[in-house]
Each structure stands twice: as C-alpha cells, then as structure tokens.
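The values are calculated or read from the model by the stated rules, or taken from the named source; none is laboratory data. Small disclaimer: the values here were computed from a predicted structure and weren't measured. Note that we place each Cβ from the backbone using ideal geometry, even for glycine, and neighbour counts take in every protein chain shown. Remember, those area values only see protein heavy atoms, side chains included, never the ligands or the DNA or RNA. Shrake-Rupley method; radii C 1.70, N 1.55, O 1.52, S 1.80 Å.
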Amino acid sequence: MKKLFKYLQNFCIIILVLPFLVVWVPSILDGFLTGLSPAYRSSLVLSFQQLSITLLATLLFAALITLTLGYISILWSAIGKIIAAVLEAIESVPAILIVLFSYAPAARYLASHSEASSSAVSLMIFIFAATLTILPESIRGITLPLGELYYRKYSLSFRSYGFRRSKILAVLMRTDVMRHAFKRIAAGILLKILVLDCSFGFIIQLGFGSYGTPAHASPGALIAANRDALFQGGYPLLFWLPVLPLVMISIAFLITLTNNKENEK
Amino acid sequence: MFAVLGTMGLVSLYFLSIGVPIEKYADAGYSFFLLLTGSTDFSMANPGYSASAIIMSGAGITLPLALISLVILVLIALSVAAISTTTEYLEKKHGNKIIPKLLTFGKAVSILLAAIPLFVGFWVFGEKYGNNAPFLLIAFITITLGGLGWDASRFLLIDMQRQMGTTHTMVFSTLGLPLGRLFPLPGTFSGYLLSSSFPRFIPYLAGKVPAIIGGVTIAEIIFSFPGLGSTLLDALLARNTDLLIASVFILLCVNAVVTFIVKTVLFFLYPRLYEKAI
C-alpha cells in the first residue's frame, strides 16, 4: 500500500511539472488557448522555456559548488569555519538585495547589446546571484548530515581500519542519508530559484517596465506585464494563466521537500 | 557595525564594477557620514533627501511590518506544531483517526498556500485595498504565501516530533497535565515539547529575518508604501547613488535590529544555550 502511494505521489509530481515539458513542444498547445493573441502565447511559452533553462543551469552550478564546498568544509574544518562565516554574512543580506546589486553594474551593458547576448549575460548574472543566495542553506544541508555521520556514527570504526578522511567521506557521501539530503537540497534550490526569478522579474517589470533588467524572460515579468488584467474590463485569464503552472511546479517541489523531511525523521 | 560594513562592501563593489572615478567614492563616503550623523540634508548631489526622512521610512514602515510578520510567523509555527504533535500523540495513545484526516487536509492547504507566489497574493489584495491595505494583512500574506510559514511550521514540527519519543517526554505525559492542543502554553504537553525545541527554533527564526525583510520590501513596492523597498527602487530608477547607499544602509539596520531582538530573546530565555546556538 505504501509503495502504491509512493508511485501515485511520483505520478502526481510528474503531472505537476508537466508545464516545463509542454512548453518545449508548443504544438501541443495548438488546440488550446485559441482566444489569446499570438504575441501573448509566444511570451508565455518563451518565459517558461527560459525559466526551465534558468532552473536547470542554476541547479547544476549551485549543486556543483554546494557539493565541493560542503565536502571541503568537513574535510578541512579550519576552511569550513571560514566558509561558514562568509556564508553567514551573505545570508544576513536579503536575497532580493543581492540580486538587485548583482544586476546594477551590468544594466548598461544589457541595455546596449543585442537581445541574444544581453539575454545570455542576464541569465549568467542571475545564476551567479541566485547561487550566492542559495549557498548558505544548501551547504548547511550537506555539512549537517555529513558531519553527523562522520563525527558521530562511522568515523571511529572507519579510522580503526586505517582509512583516510577523504576516503571515509567519499563512502559516506554515497549513503542513503546523504542521497535523501541531496534530493532535499535539489528541491530546495529549485523552489528558491523559482521564487527569486519570478519575484525579481515581477518587481523589475513593475518598476522599470519592459526595458528593465533582467533581460531574460520570466513568468514573473509576464504576470507583471498583464497585472492590469485584474482591473475592471480586463481579461483576468492573462494574469492567471502563468500563475497556474507556477503554482503547479511549486507544489511539486514542496511535495518532494515534505517527503524528504519526513524520511529525515 | 554589520550594517555599516555591509553597506560599504556592497556599494564599493557596485562602484568598482561600474568603474566610477575616485572622487565619487569620496563624495559617497561623505554623504554616508552625513547620513550616519543624522544630517538634515545628507545628499550633496541630490539635495532634498533628508537622513531623517529615509530613517523614518525604515522605522515607520519597514521595521513594524517586519516585526508584525515575525510575530505572525511565530504564532503560526507554534500553533501548527502544537496541533500536529498533540494530534499525533492522541492517535498513538488513543487511536483517534478523525482529527489526523483533518490534519492531512490542513497540510494540503498549507502546501497550496506556500506554492502561491508572494507577489501574486500582494497584487490581488493590492487591487482590492490599494494604498490603504492594513499592515496586519500584508504581514499575514508575507508569512502564509510564498512558503515562510510552511517552512517554519515544518521545522518546529519535526523538532517537536523528535522530542516525543524521548524518555523525559514520556515521563512528563504521565503527569496528567493538559495537552495544549491549540497552542503550546507552559505547563502543557505541547508546551513541554516546545521548551526542548525552542533553543533550535530561535536561531532558525534569526536566519529567516532577511527573508521576511525581502518579502516586506516586495510588499512596499507593490502597495506603493513609502518604505525602504520603494526608496530603493526609486534610487535605482533615478541612478541616485546617495539614496541607494542610504536605503541599503537603513535596510541592513532594520535587518540587524530584528535579528538582534530575536537573539536577545534567546539570550534571556536560554543564557547557557545562547553561545552554542548562535
């Protein structure tokens, strides 16, 4: 029964992240949303395509740095303390401020270059800024269980066999506890990036209009561009259409996070 | 110190990356000094912005909004954790099956609320209330939508559930004291669990202060409140460096003040655990 429930849950998660798959095959949408203007439809598809690229690229970049720094923090505790102090300072600054400041220096470049190059640079800046805001929590997510395994559970018996610290850590990284930790961190990273990307896109669109940075499209910016659709005489579907897939995707990440926290218990 | 160094660090990085001449550093430094000393007209490049006006936008709007949000976050987390742990206790001890089903429904609702983007909630309510939206409502949206309340409740709940299996909790449950089903008041079962989890929950709250400030900043921009979020956006729009420095500084100060309040609570409640927890 438990296994069936797990399969059902995984199936639900796949259904919930379907918007990401659908936008890469836009012909699927041909029969739907026929009442909408082609410009809006292409913006909708483009914004979710770019969101999926942003999520994937940031996840890969952030996961690589998280794994490296998390491993190093336990391997050399002196370096770990320095990393922890730096990350604590970063964590004390609101994420939205970090992203705003990361974009500010590049604003002129993004405004003066072609759409393709400014979009790529904008994406790179976002990946850098988002990774910076994610790192404190994700590295803690690695070092806490890894440290607990190393210092409390296995270290003594492993050491008694004469294994080196790096070898012990390499073995511990492959345990079930760490696999659950990786899954939880990945879901956490994805959720945070999704929220940050869309909130930032919304605020910039609200403050600067379509000429503001980031230059890469975001569902948040699309929602902000159609925010007046909620007013009298507007067409509310234009506002709610990008919100619905965002909520679906967030629920998928939240379910993954909930499951992993329960496994952790 | 954190706010002063943080502002200097962020602004220096900004100046370095846009390559401003050295005189600009000196001008910005002097403006920052005037701000710190509370000058009525701190900006030389953009006269008219007084330090006290910017400080007031932080003290009058951003700080109270952040504090109210923090209080709501704590209340929601405590209440959810108390309801969930006592329900689990009743299910294990007395085989109660109805309330756990209601709880599953509650969990589903909390996930749904957490999945709704914060700015969508703000915009929908902003359309209804405009600039007259009550602080309490904004603080409530900041916490319930976007996942802050969900995360805090889960953190506290998991910690309290861990305490449930311990021997000292089992001994306490034999004393026949009330369960504290809605709120973990002192002298109740859930209150006892909370007293064990609090030293970990308070540092967690301190870590969430920047996220609360971030949410409040978004609210100020969307509701057009004259708080620090709007000032910051205005400064970026007008490329007004002095105003940017001032708003970043005050924002970091608000952040530091709220974090300090949270850590002071830990210090007074658990002086022996303070150093270890922080």
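Surface composition of the protein assembly as shown: carbon and sulfur atoms hold 69% of the protein heavy-atom accessible area at a 1.4 Å probe. GNM remark for chain A: springs join alpha carbons under 10 Å apart, and the peak mean-square fluctuation among A:Arg159, A:Arg41, A:Arg140 falls on A:Arg159. Farthest towards the positive end of the charge dipole of the range B:159-278, among the residues B:Gly214, B:Phe183, B:Ser173, is the Cα of B:Ser173, using unit charges on the Cβ of Lys, Arg, Asp and Glu.
For the peptides A:129-136, A:13-20, A:67-74, residues were scored by their other Cβ atoms within 10 Å and the scores averaged per peptide; the highest-first order is A:129-136, A:67-74, A:13-20. For the range A:1-123, the Kirkwood estimate of hydrodynamic radius, built from reciprocal distances between every pair of different alpha carbons, is 18.9 Å. Per the accessible-area calculation with a 1.4 Å probe, the total area buried between chain B and chain A rounds to 3800 Å².
One way to sum up the overall shape of chain A is the equivalent ellipsoid from its Cα gyration tensor, whose semi-axes run 39, 24, 14 Å, largest first. Rolling a 1.4 Å probe over the protein heavy atoms gives chain A an accessible area of 50 Å² per residue. Taken about its Cα centre, chain B carries a charge dipole of about 1280 debye when Lys and Arg each add +1 at the Cβ and Asp and Glu each add -1 at the Cβ. Placing unit charges on the Cβ atoms only, positive for Lys and Arg and negative for Asp and Glu, gives chain A a dipole magnitude near 1320 debye about its Cα centre. Summing Cβ point charges (Lys, Arg +1; Asp, Glu -1) relative to the Cα centre of the protein assembly as shown gives a dipole of roughly 2480 debye. Shielding value for B:61-72 is 0, the average number of Cβ atoms from other chains within 10 Å of each residue's Cβ. With q set to 0.17, 0.21, 0.22 Å⁻¹, the log10 of I(q)/I(0) for the range B:77-190, from the Debye formula over equal scatterers at the Cα positions, is -0.86, -1.11, -1.18.
A cut-off of 5 Å between modelled amide H atoms, ignoring neighbours fewer than 5 places along the same chain, links B:Leu179 with B:Phe189. Size descriptors for the range B:170-224, from the alpha-carbon set: Rg then Dmax equal 17.5, 55 Å. Per residue of A:242-248, what is the mean number of Cβ atoms on other protein chains within 10 angstrom of that residue's Cβ? The per-residue average across the peptide is 3. For the range B:81-115, a decrease in accessible area of 40 Å² or greater in the assembled protein chains relative to the isolated chain, with a 1.4 Å probe, applies to B:Ile111, B:Ala115.
Gyration tensor over the Cα atoms of chain B: the corresponding equivalent ellipsoid has semi-axes (square roots of 5 times the eigenvalues, largest first) of 44, 21, 14 Å.
First check a/c for the range B:109-175, with a ≥ b ≥ c the square roots of the eigenvalues of its C-alpha gyration tensor; if it is under 1.5, answer rounded, and if not, answer prolate when a/b is larger than b/c or oblate otherwise. The shape class here is prolate.
Name the shape class, rounded, prolate or oblate, that the alpha-carbon gyration tensor gives for the range B:152-268, where a ≥ b ≥ c are the square roots of its eigenvalues, rounded holds for a/c under 1.5, and otherwise prolate holds if a/b is larger than b/c and oblate otherwise. The shape class here is prolate. Mind running the shape call on the protein assembly as shown? Use the C-alpha gyration tensor, a ≥ b ≥ c as the square roots of the eigenvalues: rounded below 1.5 for a/c, prolate if a/b tops b/c, oblate otherwise. In terms of gyration-tensor shape, rounded.
Take each residue in B:217-223, count the other chain C-beta atoms within 10 Å of its C-beta, and the mean is 3.
For chain B, relative contact order (Cα pairs under 8 Å, six or more residues apart, normalised by length) works out to 27 percent. When only Cα pairs below 8 angstrom with a gap of at least 6 residues are kept, the range A:139-253 shows a relative contact order of 19 percent.
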